[in-house]
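Just so it is clear, none of the values below were taken in a lab; they were calculated from the coordinates. Note that the structure is predicted; figures quoted are calculated from it, not measured. Here the Cβ positions follow ideal geometry from the backbone for every residue, glycine too, while neighbour counts run over all protein chains shown.
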Amino acid sequence: MTLQELRKKSMALPKNPGVYLMKNNKNEIIYVGKAKALKNRVSSYFGSQNNHSVKVRKMVENVHDFDYILTDSEFEALVLECSLIKQHSPKYNILLKDDKGYSYIKVTKGEWPKISAVLQKEDDDARYIGPYTGSFSVRNSVDEALKIFMLPRCNKSFPKEIGKSRPCLNYFIKQCMAPCNGKVKKEEYNQAVNEALRFLQGDSADVLADLKSKMNEAAENLDFETAAKLRDKIRSIEKTSEKQKVVSEDNRPRDVFAISQTNEKSCLCILRFDSGRLRDSRYFILPFFESLPSARREMVTQFYSGGAKVPSQILLDGEIEDKELLEQWLTTLSGKKAELFIPQKGKFAQTVQMCKNNAAEKLAQSMGRVGGVTAALDELSKLLGLDRPPEFIESYDISHTAGSDNVAGMVVFKNGLPYKKSYRRFSIKGFTGQDDYGSMAEVISRRLNEYQINEQSGEGFGRLPDLILLDGGKGQVNAVKPIIEAFGYDIPVFGMVKDSAHRTRAIATDGGEIAINSKRQAFTLVSNIQEEVHRYSVAYHRAKHKKSSLGSTLTEIDGVGEKKAKSLIKTFKTVTAVKNASVEELCKAEGINKVIAEKIYNHFHKNLTS
């Protein structure tokens, strides 16, 4: 069907709740969605494409036909939508796929069993405990258990390799009893294995009680060496229990969802807590989302319809579409009341930020970037109300000495890092004297003119920034915004305001200021940008002022103008060298004839003898 035919078909739909299924020319389902009013929702796809995101436009291009299923309520539509997405895995729905399957604790057979964490069962005689849905939790728990109970993590086979090699480093740092050295009794080893398995299966309290009882018994029997070993195990278990991140004083299970984005990709991080402690983490690399509230709804429904256990509370890093409807669905799914909560302050807000930082780190790793910078850009975009994190940031600063030698520096930060190949310098030409607002307006006007000339190149001046930061307050912003609007561009512009100690204090808008001090990562990024643009513009001004000062000394000589002065400085580098040059040497400078050379020579020698 053509777009017009699809539009006509959609306009004939009823305004009832239901589910719609978009299909390609092979009759494959490529997208499943739910709607409160089918006619309104489906027809919106086939109207003006200018209002759609890139992803939606791409999907619509591949739609050949659509089908629909009426439901009695929007809630029933949500349930059916989840079921159909799980059944068909449509290309254009958000599909949460990672490399995690079920995990198991493996215990080998034999007189000297070994414990390890594995991702799948093998066809062997080993014992497998599980499955567990969180490989993160299994790996960390097994690692801690092996350390506490000093069990081997190497590939040596016992008893085959007992007494045939020296112990490894783990023995000397007291993290392995080293059965390989032949000094460990089989009974002692198996007791440690059994205690480790009890610990892994959640009996840590009972294990602690047993160990404390044995420690006291050993101490009473004056077996202080055994008592000391047991004491160390007890301390290790207690330390392990305490070092995990505690997010709540109560024992309610909680999941945390947070998204970090760049211009290209997104990363969803899900942290899962139980009894107030972190039990698992999941990461999903996904496309860029135009609408985060809509994306959060899809991700929550995908994650829990895939079989994940629904906790009593789900913490989110922002608004979510269909919040009440989703809470009803989650409650029905789990059989217990489930809450979607967006914390604004306190310990839960800190936990959400921790989750967001982890998402930024994973996203940065996937793109070969620095995680802290990615998080800072994400934080800055939210602070300034941008649609997405800025990939290219241009920053400008004006520098002069009492209105003389006016210059501007432009620095560029790409993905949060200095991009020095795109740095540019401007010498103010439109006027003389001190006018920072006029200087900034001139520089931005010249920069945008350069864009129109170099637009086809897509590099340097041939690319518009995603954000402009000016060194200054709202006056600079108000001077520049009309210039950008007159060119017909929509580029966000903000100022960077300093305090009395010349440190970044706030971000200026055209009508006020945005406090930034509390936003640690964004604050650091903006401070770095402000320091860099100031350094760059001042360095250019000093260089120009030095040349200007040197040149002004020479222009005092009759017959030597600015052009000849520059030629002399270019040839001799310093005024002192010009003073010491002979008439013949002075004639070697471009534009200097014998008459002018004699005037220069006589000027300096007259001054020296007077």
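For the set K265/K420; K323/K519; K429/K579; K156/K183; K114/K164, the pairs lying more than 21 angstrom apart at their alpha carbons are K265/K420; K323/K519; K429/K579. Considering helices alone, the calculated mean residue ellipticity of the chain at 222 nm is -14500 deg cm²/dmol, with DSSP H runs of length four and up weighted by -39500 (n - 2.57) and normalised per residue.
By how many nm would the segment from K121 to S527 grow when fully extended, if each residue of separation counts as 0.36 nm and the alpha-carbon distance is taken off? Let's see the in-between values first.
Numbers: separation 406, 0.36 × 406 = 146.16 nm, distance 5.25 nm.
Result for the pair: 140.9 nm of gain on full extension.
Straight-line cross-link reach from K336 at under 18 Å between alpha-carbon atoms covers these aspartates and glutamates, not counting any fewer than eight positions away in the same chain: D250, D255, D274, E324, E327.
Round to the nearest 0.05 the FRET efficiency obtained for E455 and R231 when R0 = 51 Å and r is the Cβ-Cβ distance.
Details: r = 73 Å, r/R0 = 1.43.
The value I calculate is 0.10.
With both residues required to sit in segment 242-399, DSSP beta bridges show an antiparallel share near 75%. Sort segment 1-46 into rounded, prolate or oblate with this rule: let a ≥ b ≥ c be the square roots of the eigenvalues of the Cα gyration tensor; rounded if a/c is under 1.5, and if a/c is not under 1.5, prolate when a/b is larger than b/c, oblate otherwise. Oblate is the answer for segment 1-46, as a/c is 1.5 or above yet b/c matches or exceeds a/b. Positive end of the dipole of the chain (Cβ unit charges, origin at the Cα centre): among L325, S141, F426, the Cα lying farthest that way belongs to F426. Axis angle, to the nearest 10 degrees, between helix 371-384 and the longest C-alpha principal axis of the chain: 70 degrees.
How large is the charge dipole for the chain, taken about the Cα centre, if only the Cβ atoms of Lys, Arg (+1) and Asp, Glu (-1) carry charge, to the nearest 20 debye? Write out the running numbers ahead of the final one.
Details: 94 positive and 77 negative charges, 268 e Å.
Dipole size: approximately 1280 debye.
Segment 5-38 and segment 342-409 have their alpha-carbon centroids 40 Å apart.
A protection proxy built from the mean count of other Cβ atoms within 10 Å ranks the segments 62-74, 406-418, 157-169, most packed first, as 406-418, 62-74, 157-169.
Once the piece of chain linking A543 and T574 is laid out straight, how much longer is it, given 0.36 nm per residue of separation minus the C-alpha distance between them?
Details: separation 31, 0.36 × 31 = 11.16 nm, distance 1.33 nm.
Extra length available between A543 and T574 comes to 9.8 nm.
Just need log10 I(q)/I(0) for segment 103-202 at q = 0.10 Å⁻¹, Debye formula, equal scatterers on the alpha-carbon atoms, no solvent, rounded to two decimals. Values returned for q = 0.10 Å⁻¹ are -0.26.
Over every Cα atom in the chain, the radius of gyration and the widest Cα-Cα span, Dmax, amount to 35.2, 112 Å.
Report the semi-axes of the equivalent ellipsoid for segment 378-476 in whole Å, largest first, where each axis is √(5λ) for an eigenvalue λ of the Cα gyration tensor. Mind dumping the intermediate values first?
On the way: eigenvalues 119, 58, 26 Å².
In descending order the semi-axes read 24, 17, 11 Å.
Can you tell me the orientation of helix 520-554 relative to the chain, as the angle in degrees between its alpha-carbon axis and the longest Cα principal axis, to the nearest 10? Roughly 20 degrees, rounded to the nearest 10. Structural size metrics of segment 1-154, computed from C-alpha coordinates, are Rg and Dmax of 24.6, 75 Å. Put a plus charge on the Cβ of each Lys and Arg, a minus charge on the Cβ of each Asp and Glu, and nothing anywhere else: the dipole of segment 103-202 about its Cα centre is then about 340 debye. Output the 0 to 90 degree angle, nearest 10, between the alpha-carbon long axis of helix 186-200 and the longest principal axis computed from the alpha carbons of the chain. It is inclined by approximately 70 degrees. Among S165, V118, L197, which residue has its Cα furthest toward the positive end of the charge dipole of segment 103-202, with +1 on Lys/Arg Cβ and -1 on Asp/Glu Cβ? Projecting each Cα onto the dipole axis, the largest value belongs to S165.
Here the gap between S500 and L169, fully extended at 0.36 nm per residue and compared with their Cα-Cα distance, gives a gain of 113.6 nm.
Rounded if a/c is under 1.5, else prolate if a/b beats b/c, else oblate: with a ≥ b ≥ c from the C-alpha gyration tensor eigenvalues square-rooted, which is segment 384-546? Rounded.
When only the Cβ of Lys, Arg, Asp and Glu is charged (+1, +1, -1, -1), the dipole of segment 555-609 relative to its Cα centre reaches about 140 debye.
Going by average Cβ density within 10 Å per residue, which order do the peptides 527-537, 464-474 take, highest to lowest? Can you show the working numbers first?
Working: 527-537: 19.9, 464-474: 21.9.
Result, highest mean first: 464-474, 527-537.
Protection proxy ranking of 374-387, 448-461, by the mean of other Cβ atoms within 10 Å over each peptide's residues and highest first, is 374-387, 448-461. Modelling each spin label as a point 7 Å along the Cα-to-Cβ direction, I'd like the I129/K420 distance in nm, to one decimal. Result for the modelled spin labels: 5.6 nm. Residues R446, R57, ranked from the fewest to the most other C-beta atoms within 10 Å, line up as R57, R446.
Between the listed residues N51, F75, P17, the Cα displaced farthest toward the positive end of the dipole of segment 3-88, a dipole computed from Cβ unit charges relative to the Cα centre, is found at N51.
Which of rounded, prolate, oblate describes segment 553-599, given a ≥ b ≥ c as roots of the alpha-carbon gyration tensor eigenvalues and a/c under 1.5 marking rounded, otherwise prolate only if a/b is larger than b/c?
Numbers: a/c = 1.27, a/b = 1.02, b/c = 1.24.
Here segment 553-599 falls in the rounded category.
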